[in-house]
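Each reported figure results from applying straightforward, stated rules to the coordinates on display, with no laboratory input. These figures come from a predicted structure and were not determined experimentally. Reconstructed Cβ throughout: ideal geometry from the backbone, glycine too, with neighbour counts over all protein chains shown.
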Amino acid sequence: MAIAQLLEDAGYHALTASDGLEALEILRREPRLRPSLVLLDVMMPNMDGKQFREQQRLDAELGRSP
């Protein structure tokens, strides 16, 4: 969460998720939301960053996000 605060202090809008599953849910729930940057942790619970990217790439809509 410290990185999110640094980004917000610099004027960016930051969304956070506790794991990859929650991140996918957020992106699917908000179809207009397409982030310019996604920072992932390789050691998240339930679904790590690598698994998140694999699922994101398989989803036709989410696959367009960076």
For this session: Starting from the exponent 0.38 and prefactor 2.2 Å, build the expected Rg for the chain from its residue count and divide its actual Cα Rg by it.
Result: 1.09
Seminar exercise, completed: So, relative contact order of region 2-64 in percent, Cα under 8 Å, 6 or more apart, is 28
Problem set entry | In region 12-48, the trypsin sites (Lys or Arg not before Pro) that fall in loop regions by DSSP, at most 15 other Cβ within 10 Å | Arg32
Exercise. So how much slack lies between Thr16 and Arg34, counting 0.36 nm per residue of separation and subtracting their Cα-Cα distance, in nm?
Worked result: 5.1 nm
Exercise. What list of ³J(HN,Hα) values in whole Hz, one per residue of region 37-48 in order, does the Karplus curve 6.51 cos²θ - 1.76 cosθ + 1.60 (θ = phi - 60°) give from phi, with Gly and Pro shown as x?
Worked result: 8, 10, 9, 10, 9, 7, 10, 8, x, 6, 8, 7
Exercise. How far apart, in nm, are two points set 7 Å out from the Cα along the Cα-to-Cβ line at Ile26 and at Lys50?
Worked result: 2.3
Exercise. Counting other C-beta atoms within 10 Å, which of Ile3, Ile26 has the fewest, and how do the rest follow?
Worked result: Ile3, Ile26
